[in-house]
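Worksheet: one structure, shown below.
The values are calculated or read from the model by the stated rules, or taken from the named source; none is laboratory data. Since the model is a prediction, treat every value here as computed from it, not as a measurement. Reconstructed Cβ throughout: ideal geometry from the backbone, glycine too, with neighbour counts over all protein chains shown.
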Amino acid sequence: MTSDYAIIGGGIVGLSTAWGLLKRGLRVTVLDGDDGSFRASRGNFGLVWVQSKGMNQPRYAQWSQASAAAWADFAAELGDATGHDLGLEQRGGYDLHFSEQSLEATVAKYEILKQKLGGNYPYEVLGHNALRLEEPAIGPRVVGAILHHQDGHANPLRLLRALADDVRRLGGVILNGKRVTRVDKADLFRISCDDGTEVEAGKTVLSAGLGAAALGPMMGFKAPIRPQRGQVMITEKLPKLINRPSLIARQVDEGGIQIGATNEEVGLDDTVTQPGLSGLAAEAIAAFPVLAKAQLVRSWGALRILSPDGLPIYQQSPDMPGAYLVTCHSGVTLAAAHARFLPDWLEGADAAPDLEVFSEARFNVS
Amino acid sequence: MHSADLIVIGAGPAGMSAARRAAGSGLSVLLLDEQPAPGGQIYRDVDRASKTRGAILGSDFIDGLALTRRLAHDNITHLRGAVVWQIEEATRVNFTRNGKAELAEGRRILLATGALERPMPVPGWTLPGVMTAGAAQILLKQSGIACERAVLVGSGPLLYLVATQMVRAGVPPLALVETQTKADLARSLRHLGGALRGWPYLLKGLRMLWELRRAGIVRHVGATDIAVEGDRSASGVTFRVGGIEHRIACDTVLLHHGVVPNTQAARSIDIPHRWDDAQGCFAPECDEWGRTAVSSVFIAGDGAGIGGARAAALAGELVALEIARDLGGMTERERDAEARPLRSGLGAERAARSFIDSAYPPYAGALAPADDTIVCRCEEVTAGEIRRTAGLGCLGPNQAKAFVRAGMGPCQGRYCGLSVTRILSDTNGIPPDETGYYRIRPPLKPVTLGEIAALAEHETAEVGK
Amino acid sequence: MKPDSTFREIGPQTDRVTVRFGSSELSLPRGENLAGALLVVGVMPFRHTPLSGAPRGPFCMMGACYDCLVEIDGINRQACMLQVTEGLQIERPSIKGAGNA
C-alpha cells in the first residue's frame, strides 16, 4: 500500500501528527507496536503544561504555550468526532513549594523568562492562606504556590483512544503489532517490519518514542534520546478534593488522585519500586494531608523520552529527505501543536512554524 | 525488617505444608497470610469452625486441622492479617499488617496464593445477592451463616459440595442450575482411566449427588442463556434448558464454574505464564519442584495450576524439600528420597483432574458474554466495549485497559483479566498466549498512602523529583 | 431492629457487641467476619459504585473483589477482611461529588 505519509509510532505524538495530516486530506499509514511495547502514551501524567518549561529556551515555552492555547479547540473537535470527552481543564495549575527560598528562586527564574516572552507569562504567587482558599485540602507545610494560568490537564488515555478512533475514521490506516526493522528510500520510502509487512510512502515520520534511538541512526538522525523513568501512582476514586493540578498531584476526571512523578536515570527499566512509591506518597501527603487515608490502587513506571537538553527534536533527515524525526517528552501538552501546526512544517507550507531551534544541529559537538 | 530463609505467602494447604516441611529441615520460615487464622480458603478458620460445624462441613474440611496444628514450630513465624502488596528484587516482600507497612527479606520466596473463582460474567452478576459459590461456603465455614432461598448456578463439584453442606445446615438451596451437558460427560469418559485411579473423588461426587437427590434438590442440567434478574438486588435467575425457558425466584444466586490460579503475585514479578487449554486459564511456568524463571521464587499449590487441596499440600512439601536442598539443608539424595512418596501421592490426586475438567467445563455463555454484560466489575466495563477495542487495534489487554479502563479498579483485574484475554483472543483471532494478560504492578492489594509514606521516613530518598 | 435478611446464622449465638453503621446501631457477634455479620442483620447494599452508582454487596468473601468496601475511620476497606470489634463506626464509602464530572 502507498501513502503520502508513513508514521512510525502509534503513540500520542504519532497519532496527533497523523490526525493533523489526515485533516489536510493526506493519506496516512501508522505503524504501531504491540501490547507490551514501552508506551509513554499509556504512562504519562496528563498535564497540559506550560510553567517551568523552556527556562533556558524561550522558544520551547512559546511552543508549549501555542499548543496549550490550541488545545481547547483541538479537544472539542476530536471530542465531537468521537464522542470521547477528553477531560480537558485549563483553569491554571500550581507549582507547590515547601520553602520560601525555593518559591522565591523559582519566581526569579519565571521573571527572566517572562521578559524574554514579552510579558506573556501569566502567573501569580499565592501564599499559604491564598492557596488555602483555592485548595482547602492543602497542608500546613506548603508555604505557597505559583499559579500559572496557562496550565491545565486532560485525560491522556482518552486522548489516545480518541486519536486511535478518529485517525481510522478519517481514513488513516493503523497497523498494530508491528516492529519496524528497516527504512529504505528510493522514489518512495519503504518501511519494512519483522513480520514481512512493507509500507510505501512519499514521506515518513519517526515518532517511535524510545524506538527512535535504534531506528533514527539508520535514517540519518542523531536521535540522541534516552529513557528516564517516572513512577506514578493513583488512588481510589474520591470525592472532589483537588481543584487544580500541580506537578505533585492532580485529581483525574474519573475521581482518582494521580501522584507523580519520579525522575530516575535507570535505563530501560520501568519497574515500580517501594522507595519510589514511598517518596511520592510522602510528598503528596505533605501537600494534601487527607491523602494519608486514601487507598493506592495502581502504580506504574513509564519511561520519558528525553533529549540531552530535554527539549523536543524536530529534524528532517539530511540523508533521507522526506524523513522527519519528531520526538518529545510532552506528547500530551504538545498534542494540539502536533495536530494543528506540525503538518505545515512537514508539508513545507508557508505557514510552517519555525522549529529551527529544535533541530539536531544543537547536538553538534564543537 | 523481618528476615527469614524462606518467606511463604499464603497459609492455605500448600503454604502451611511447605512452611512446616521447610521448618523441619532447619530453615527459618516467615509465613505471611491475609486471614486472621490459618487454613486458606479451603480450610478457612478450620481451628474454630471444626468444633461447632464439623458435621456440616464434612471430614475433608476437618482434615485441614492436621495442617494448622503442625504450624506450631519454633522455626515458623506466622504473621496473621499480613496483606502483601509488593515483591521486590525477588527477595523482599512489602506488606501491611494492622495498618502498618512492614518489610521482610527472604533468601527464598514461596508463592502459595491459591486459586480464585473463575470469573463468571452473566447478565446481572454484579447485583447484590449474587456471590460466588465459594463465598457462600466461606460464610458457612467461617461464620456459620447460610443463605436462604439460594440457587446455585454453573458447573463443577464445588456446587455439589456447597449444596450438600447447605442441606446439612438445614438451609437447602432452591435448585442447582448446571451448565455442563451430557455431551461433556460423554467426552469426559475417555479420561476415566485416570479417574479410576482417583476413584475416591468420583465416589464422593456420587455420594453428594445421592444426598442432594434424597433431599429433593432440583437439578437443571445443560442450562444456557443464564441471567440474574433484579433491580436493586437479585430476585431471580432465568435460563433455558432444551429450548424451554425457566425462571426461579430467589434471593441469592451463587455462581461457580471452576477455579483458576491466582497469579497476581507471580505476574507482578514477571514470572512467565502459559495458557492451559484444558483448564482455560493461565498458569505460571514452573518445574516439578515449583521453581520459576526467577531463581529465588517458587510456586506451590493451586497457584501453580489447579489440583485441589490435597495436591496442594503435597506440592508444598515437595517445593519445601527443593528449597531446603537449594539452601544447603539437605542433599539431592535426601531430597529425592523424601520426595518419592509425595510424588506418588500427587499422581493419585491429579488422576481425577482431567476427568473433572472435561466433565465440568466452564459455562460457554460466560466465556463469550453478550455485548451488554459487565465484564470488569470495578470499572463497569462491558464485553462489547472490550470487543470494540479490538477494532481500535488493541491486540492485548494492556492496550485495551488503557482504552476502556478494564482492570484499573481495586481488584487489579482479578475478576476480569481472563475474560478480557479471552474476548480479545476470540475477536482478534489470536491465541490467548499471544494475546497475553494484564501487566500486574504493585500494589497487589490497595494500601493507604499513609502506610506507604511511613516507610519513606526510614530511608534517604534515592528518588529525585 | 431486625430487617429482613436472607442470611441466617445457624450456629450458637455468641457474645455481641455494639457497632454503628451510619446512623443506626447494630448488635453484631464479637470477632466474627464483619461482612458476614452485616449480611445477617440485613445490611445491603454495602456500597454504590463511584461510576454508575450501582448497588453492590459482598461477592467473593475472600478479599479479592472489593465489592464489600465500607468506610471505617475514613479509610475504605474490605468488610470481608475485617473482624467485628466493639464500637466500630462504619459508613458507606462516599461517592464522587456531583460537581466532579
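Here are some notes:
- Failed item, numbered, when A:Ala292 is tested on (1) at the interface with chain B (Cβ under 9 Å from one of its Cβ atoms); (2) more than 30 Å from C:Ser52 (Cα to Cα); (3) more than 17 Å from the chain's Cα centre (by Cα): (2)
- A Cβ distance below 8 Å, combined with a sequence gap of six or more or placement on separate chains, defines the contacts here; from the stretch B:293-318, residues that are farther than 17 Å from B:Phe61 by Cβ reach residues that are assigned to a loop (DSSP other than H, G, I, E, B) and aromatic (Phe, Trp, Tyr) in the pairs B:Phe298/B:Trp289; B:Leu318/B:Trp289.
- Check on A:Ala61, in contact with a Leu (Cβ under 7 Å, 6 or more places away or on another chain) and either outside the structural domain of A:Ala335 (by TED's automatic domain parsing) or more than 30 Å from A:Leu175 (Cβ to Cβ) (or both): yes
- Flag for C:Ser24 being surrounded by fewer than 16 Cβ atoms within 10 Å (Cβ to Cβ), among the polar types (S, T, N, Q) and within 10 Å of chain B (Cβ to nearest Cβ): no
- Among (1) within 30 Å of A:Leu291 (Cβ to Cβ); (2) crowded, with 20+ Cβ neighbours inside 10 Å - the single one C:Glu91 does not satisfy: (2)
- Count of residues meeting criterion [more than 7 Å from chain C (Cβ to nearest Cβ) and either closer than 16 Å to C:Cys60 by Cβ or out of contact with any strand residue (DSSP E or B) (no Cβ under 7 Å at 6 or more places or on another chain) (or both)] in the stretch B:118-128: 7
- Only one of the listed residues (A:Ser37, A:Ser102, A:Ser52) is of a type in the set (Ser, Thr, Tyr), surrounded by fewer than 19 Cβ atoms within 10 Å (Cβ to Cβ) and part of a loop (DSSP other than H, G, I, E, B). That residue is A:Ser52.
- Of the residues making up the stretch A:268-275, none is more than 7 Å from chain B (Cβ to nearest Cβ), crowded, with 23+ Cβ neighbours inside 10 Å and over 24 Å from C:Ser94 (Cα atoms).
- So A:Ala213, is it under 26 Å from A:Gln316 (Cα atoms), among the small types (Gly, Ala, Ser), within 14 Å of chain B (Cβ to nearest Cβ) and under 27 Å from the mean Cα position of the chain (by Cα): no
- Subset of the stretch A:14-52 (residues that are free of Cβ contacts under 8 Å to residues at least 12 places away in the same chain and away from chain B (no Cβ under 14 Å)): A:Gly25
- Scanning the stretch B:239-261 for residues that are within 14 Å of chain C (Cβ to nearest Cβ) and either charged (D, E, K, R) or surrounded by fewer than 20 Cβ atoms within 10 Å (Cβ to Cβ) (or both) gives B:Ala249, B:Asp251.
- All positions within the stretch A:215-253 that are without any contact (Cβ under 8 Å) to a residue 60 or more places away in the chain and not basic (Lys, Arg): A:Pro217, A:Met218, A:Leu238, A:Pro239, A:Ala249, A:Gln251
- Here the stretch A:74-99 is the region considered, the condition is being of a type in the set (Phe, Trp, Tyr) and not in a loop (DSSP other than H, G, I, E, B), and the residue that is farthest from A:Arg169 (Cα to Cα) is A:Tyr94.
- Residue check for A:Val143: surrounded by fewer than 19 Cβ atoms within 10 Å (Cβ to Cβ), within 29 Å of A:Asn56 (Cα to Cα), β-branched (Val, Ile, Thr) and out of contact with any Lys or Arg (no Cβ under 7 Å at 6 or more places or on another chain): yes
- Any hit, the stretch B:188-203, residues being part of a loop (DSSP other than H, G, I, E, B), small (Gly, Ala, Ser), within 14 Å of chain C (Cβ to nearest Cβ) and in contact (Cβ under 8 Å) with a residue 40 or more places away in the chain: no
- Counting only strands (runs of 3 or more DSSP E) that sit completely within the stretch A:168-211, those holding 1 or more residues that are touching a helix residue (DSSP H, G or I) at 6+ places or on another chain (Cβ under 8 Å) correspond to A:173-175, A:180-185, A:198-206.
- Of all residues making up the stretch B:263-296, the number that are more than 13 Å from the chain's Cα centre (by Cα) and part of a loop (DSSP other than H, G, I, E, B): 18
- Only one of A:Leu311, A:Leu296 that is surrounded by 20 or more Cβ atoms within 10 Å (Cβ to Cβ), outside any loop (DSSP other than H, G, I, E, B) and not charged (D, E, K, R): A:Leu296
- The criterion of at least 2 residues that are in the same structural domain as B:Ile145 (by TED's automatic domain parsing) and either under 28 Å from C:Arg77 (Cα atoms) or touching a strand residue (DSSP E or B) at 6+ places or on another chain (Cβ under 9 Å) (or both) is met by none of the helices (runs of 4 or more DSSP H) wholly inside the stretch B:20-92.
- Candidate set: the stretch A:164-183, residues that are out of contact with any Gly (no Cβ under 9 Å at 6 or more places or on another chain) and not β-branched (Val, Ile, Thr); chosen: the one farthest from A:Ser102 (Cα to Cα): A:Gly171
- Residue within the stretch B:346-366 that is more than 23 Å from the chain's Cα centre (by Cα), free of Cβ contacts under 8 Å to residues at least 40 places away in the same chain and surrounded by fewer than 23 Cβ atoms within 10 Å (Cβ to Cβ) present: no
- Checking each residue in the stretch B:138-164 for being assigned to a loop (DSSP other than H, G, I, E, B) and either more than 8 Å from chain C (Cβ to nearest Cβ) or without any contact (Cβ under 8 Å) to a residue 12 or more places away in the chain (or both) picks out B:Ser155, B:Gly156.
- Residue match in the stretch B:447-462 (condition: surrounded by 23 or more Cβ atoms within 10 Å (Cβ to Cβ), more than 9 Å from every other protein chain (Cβ to nearest Cβ), modelled with pLDDT of 95 or more and closer than 20 Å to B:Thr113 by Cβ): no
- Options A:Gly87, A:Gly83; residue that is closer than 30 Å to A:Arg141 by Cβ and within 14 Å of chain B (Cβ to nearest Cβ): A:Gly87
- Test result for B:Val375, more than 8 Å from chain A (Cβ to nearest Cβ), part of a strand (DSSP E or B) and touching a strand residue (DSSP E or B) at 6+ places or on another chain (Cβ under 8 Å): yes
- Among residues of the stretch B:396-419 being closer than 13 Å to A:Arg298 by Cβ and part of a helix (DSSP H, G or I), the one that is farthest from the other protein chains (Cβ to nearest Cβ) is B:Lys401.
- Residue check for A:Ala6: more than 13 Å from the chain's Cα centre (by Cα) and over 29 Å from B:Leu395 (Cβ atoms): no
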